[in-house]
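Here the structure is laid out as structure tokens; the discussion comes afterwards.
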Amino acid sequence: MEFQGNFKSAHRQILVTIFSVIVICIFSCTPARDVPGEEPDDTSGETQQNVVIKLATTTSVDNSGLLNHLLPVFTAETGIEVDVIAVGTGAALEMGRKGDVDIVLVHAPEAEQEFIDEGFGLARHYVAQNEFVIVGPGSDPLGIRNVRTAEEAFSLFLSGDLQFISRGDNSGTHKKELSIWELVGETPEGDWYIESGQGMGAVLTIADQMEAYTLTDSGTYYSMVNHLDLVLLLLGDPALENIYSIIPLNPELHPDLLHDEAMELVNWITGPTSIDLINDYEVNTHRLFNVANR
């Protein structure tokens, strides 16, 4: 009888073990079903990534910190992240021509219109503006602060008595400089004229170290003013208006780009939230950009 009892007990233990194995297999091998009204658990360890668009823009917009002020708000509101590639306007437009970016934000109206006329861009959308200014050493040996126009100032640079640092990089600032030389009717050359091939922040640093003159956008200058000995010598010339525009690319030329997301950026950066942020943006107690009524 003792043997029979032990046999029954062992048999029950085997059955329990088999049943446990079956239950474990069912739960581990059957896909989990979503519970209505509840978010499914993500046990894969992966998180959904935001869409990322590429924006080619000018070093002046980047150096001024404006995009760091704007884009986190845009991403928070839309879920779209923006990869900023800061280059000169000429390089930014070339990236647009090649389809290397989804959208461009630049500040050279004539070059922008040519870009659109060639079929690469759809339209210019006004974003903001500031102005180009001439800065130099506080001693101002050439007397730039005594003239009223950039054309007069550039005529004084031709004396060669003090160095002028040019962007020399086909940027919007460089294009504006070249247009002023055209007004003067002279081609700058000589040891006094230095083409740096650098962005705006770097050029200001070079001019500061060399006690030279340069043309800069007011936004970058004001954002760096506390670290420079350069002083502002000429501003307020209507010919030095500096307008920034954003241009969506032609989807027919580059259908693989993120055109819908790029248009969301266009609509947002030209909309009321962005306008308020731009008009309120100050660095070193200076307002760097403004949005005019257009």
Taking alpha-carbon centroids only, segment 238-294 lies from segment 160-230 a number of Å equal to 25 Å
Cβ crowding within 10 Å averaged over residues, with 145-155, 69-79 ranked highest first: 145-155, 69-79
How far, in nm, would the chain grow between Trp192 and Glu241 when pulled straight, counting 0.36 nm per residue and subtracting the alpha carbon separation? 15.0 nm
Mean 1/r over distinct Cα pairs of segment 222-294, inverted to a Kirkwood Rh in Å, yields 15.4 Å
Find the Rg to Rh ratio for segment 130-240, where Rh is the Kirkwood radius over alpha-carbon pairs and Rg uses the same atoms. 0.90
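Coordinate-derived values only; no laboratory data. Keep in mind the model is a prediction, meaning the values are calculated, not measured. As a convention, Cβ positions derive from the backbone with ideal geometry for all residues, glycine included, and neighbour counts pool all protein chains shown.
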